[in-house]
Amino acid sequence: MFEGLFYLFVFPGLAFQVFCGLAFEWVDRKLLARFQRRVGPQWYQPLADLIKLFSKEDLLPTGASGWVATILPLISLAAVLTAGLYIPVAGFTPFSFEGDLIVIVFLMGIPTLAYYLAGMTSVGIYSILGGARSLLQYFSYEVPLLLAFSGPAILSGSWSVAEILKSQAELGPFILFQPVGFCLAIAGLIGKLKRDPLDIPKAKSEVVAGSLTEFSGGKLAFWHLTMDIQAIVGIFLLINLFFGMPLGISPWINTLIFSGEVLLVIFILSASSSIFARLRIDQLASLGWRILVPVGIIQLLFVILMGV
Amino acid sequence: MFEKMLNRTYRWAQKNSLWVLPFNTGGCNGCDIEILDLLTPRYDVERMGILAEASPRHADVLLCTGPVTYQTRDAIWQIYSQMPSPKWVVAVGSCGATGGVFTGSDTVLGGVDKVLPVDLYIPGCPVRPEAIIAGLIKLQEKIVKGAENG
Ligand code: SF4
């Protein structure tokens, strides 16, 4: 019965992921507010923001290409939704195949490219700066992130997320063997989501809102939705790769464990965005290539040589 | 019937998610500092869904502080026309309302309503943060009742 429920509610995708994305945004903002000793937003805040954006007028500067600007958020939303389809939720996965980790990583890269193009199409100076910065940032975080993701894959001998999950049920959570890899993955995820210490492409005090400066109304709403869903998909992926869970017991318990792990990762993300200040783009590049990549390679060598 | 429901949902969302764009039209910076207070833990307006945005295209409310000078007149109009409607304008401080202590200066045009359709005046020199919050709540009530400019 439980499996039926899962197929009914979780894997059609859109509704579940939109719900999770909005819930993520609320939990994240609330946690951030509590870290700063504020009250924080109401529970319906992300929903209200989204509906409000849809109710607003849709403007673009003269010279910007309308249909490109419309299609970019839709493409990136479709990409992250598709990526979410292949990620096991609480141990269930209907669409898994060998190598789906690579497909997921590829699909999760599309929004960054779309973000860059969005900056370029909407002619404003801040948008162009934000777009260029987002590409620079992409080159800094993507390699450590991939190195971190390949650790669990090599350890379990498979590039399918479901297989990695299964081998964790036997060996134990991979975060015990690869704590460094997990930290790299968190850093990479923060960079991917353009969250606070690495929000260089959309830094409010420097480039207004980055690529999205000139977007309004429905397009902006789709961008916000994309960001939220990208966050939740990234978090799900991280959990499947590094935490795992004992499979084969009651699905209720699995769901419980899964939700707990999701909350834990959100906690880590919010805490790091309230603790650290924003880096400069050159600092990020040198952090990425001088520290994170070598550390990632050492971690990977360790995994290969030890075989643990 | 459906349209009515949709409108009510939109109103509810607009009420609960006011993104403000503070803009100094030529004041003494006193009111701007009081506006920044709103984001601090003591007043925290995010609990009412109010966020400060930096881009006019994301904003719903233009918070104008200070009198309009001849130099900012065109800029403020440009910013206002970049905001997507429905949009609202709030004049913060005595200067925003009438020109305040700067009245009669040969570089000052007068209150914000000389240039833009103002929805709400919040008096005070400088305005207390509590007054700004009270004013924004009044604006929320106005939105639910369905008044809009632009
Ligand atoms: S109202 Fe008073 S504090 Fe505000 S800008 Fe005018 S002079 Fe300054």
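Please name which of A:139, A:154, A:234 has its Cα lying farthest along the dipole of the stretch A:89-239 towards the positive end, using unit charges on Cβ (Lys, Arg +1; Asp, Glu -1) and the Cα centre as origin.
Going by the charge dipole, the pick is A:139.
I'd like the accessible area for residue A:180, computed on protein heavy atoms only with a 1.4 Å probe and all protein chains in place. Round to 10 Å², please.
Rounded to the nearest 10, the figure is 60 Å².
Using a 10 Å cut-off on Cβ to Cβ distances, tally the other chain neighbours for every residue of B:6-16 and report the average as a whole number. Mind showing how you got there, number by number?
Values: counts 2, 1, 0, 5, 5, 2, 4, 11, 6, 2, 9.
Partner Cβ neighbours, averaged per residue: 4.
Please calculate the 1.4 Å probe accessible area of residue B:125, with all protein chains present, and give it to the nearest 10 Å².
Approximately 100 Å² for this residue.
Working only with C-alpha atoms, what are the Rg and Dmax values of the stretch B:7-83, expressed in angstrom?
Here Rg and the maximum Cα pair distance are 13.7, 40 Å.
Multiply the residue separation of residue A:304 and residue A:98 by 0.36 nm, subtract the distance between their alpha-carbon atoms, and state the gained length in nm to one decimal.
Extra length available between residue A:304 and residue A:98 comes to 72.1 nm.
Can you send over the carbon and sulfur percentage of the accessible area for the stretch A:169-308, probe radius 1.4 Å, protein chains only?
Details: 4220 of 5710 Å².
That share works out to 74 percent.
From zero outward in steps of 20 Å, how is the percent of C-alpha pairs of chain A spread across the bins?
Binned Cα distances yield the sequence 33, 59, 8.
Considering every Cα-Cα pair within the stretch B:19-145, what fraction, in whole percent, is farther apart than 26 Å? Before the final figure, lay out each step's value.
Details: 1052 of 8001 pairs.
In whole percent, the long-distance tail amounts to 13.
Span-like helices, chain A: DSSP H, alpha-carbon axial extent 20 Å or more, mean Kyte-Doolittle -1.0 or greater, which ones? Intermediate results must be reported in sequence, preceding the final value.
On the way: long enough: A:14-35 (31 Å, 0.82); A:66-85 (30 Å, 1.90); A:100-121 (32 Å, 1.70); A:125-156 (47 Å, 0.98); A:179-193 (21 Å, 1.79); A:217-242 (38 Å, 1.33); A:251-275 (36 Å, 1.56).
TM-like helix candidates: A:14-35, A:66-85, A:100-121, A:125-156, A:179-193, A:217-242, A:251-275.
Tell me which residues come under 5 Å, amide H to amide H, from residue B:109 once H is placed; ignore anything under 5 positions away on its chain.
B:68, B:69, B:70
Compute the distance in nm between two label points, each set 7 Å from the Cα along the Cα-to-Cβ direction, one at residue A:123 and one at residue B:128.
Between residue A:123 and residue B:128, the simple spin-label model gives 4.8 nm.
Taking the Cα centre of each part, how many Å lie between the stretch A:263-308 and the stretch B:20-78?
37 Å
Could you work out the relative contact order of the stretch B:13-150, using alpha carbon pairs under 8 angstrom and six or more residues apart, expressed as a whole percent? Numbers along the way, then the final one.
Values: 279 pairs, mean separation 37.6, N = 138.
Worked out over the stretch B:13-150, it gives 27 percent.
Relative contact order of the stretch A:2-307: what whole-number percent is it, with Cα pairs under 8 angstrom and at least 6 residues apart?
Details: 465 pairs, mean separation 84.9, N = 306.
Across the stretch A:2-307, relative contact order equals 28 percent.
Can you grab the distance from the C-alpha centre of the stretch A:236-252 to the C-alpha centre of the stretch A:19-50, Å, no decimals?
25 Å
Determine, for chain A, the count of lysine pairs separated by eight or more sequence positions (or lying on different chains) whose alpha-carbon distance falls under 19 Å.
Lysine pairs meeting both conditions in chain A amount to 9.
About the Cα centre, and with charges only on the beta carbon of Lys, Arg (+1) and Asp, Glu (-1), how big is the dipole of the stretch B:19-145? Nearest 20 debye, please.
Values: 10 positive and 13 negative charges, 51 e Å.
About 240 debye.
Going through the stretch B:16-117, which trypsin sites (Lys or Arg not before Pro) have at most 13 other Cβ atoms within 10 Å and a DSSP loop state?
B:42
For chain A, what is the calculated [θ] at 222 nm in deg cm²/dmol (nearest 500), taking -39500 (n - 2.57) for each run of four or more DSSP H residues and dividing by its residue count?
For chain A, the value works out to -23500 deg cm²/dmol.
Quote the total accessible area buried by chains B and A together, excluding ligands, DNA and RNA, probe 1.4 Å, nearest 100 Å². Could the numbers behind the result be given before it?
Details: alone 8220 and 14140 Å², together 19850 Å².
For B against A, buried area totals roughly 2500 Å².
In whole percent, and with a 1.4 Å probe on the protein chains, what portion of the accessible area of the stretch B:19-145 is carbon and sulfur? Please report the intermediate quantities before stating the final value.
Numbers: 3000 of 5250 Å².
Exposed carbon and sulfur together represent 57 percent of the surface.
The values are calculated or read from the model by the stated rules, or taken from the named source; none is laboratory data. What you see is a predicted model; the values in this text were computed from it and never measured. Note that each Cβ is placed from the backbone with ideal geometry, even for glycine, and that neighbours are counted across all protein chains shown. Calculation scope for accessible area: heavy atoms of the full protein, side chains included, ligands and nucleic acids excluded. Shrake-Rupley method; radii C 1.70, N 1.55, O 1.52, S 1.80 Å.
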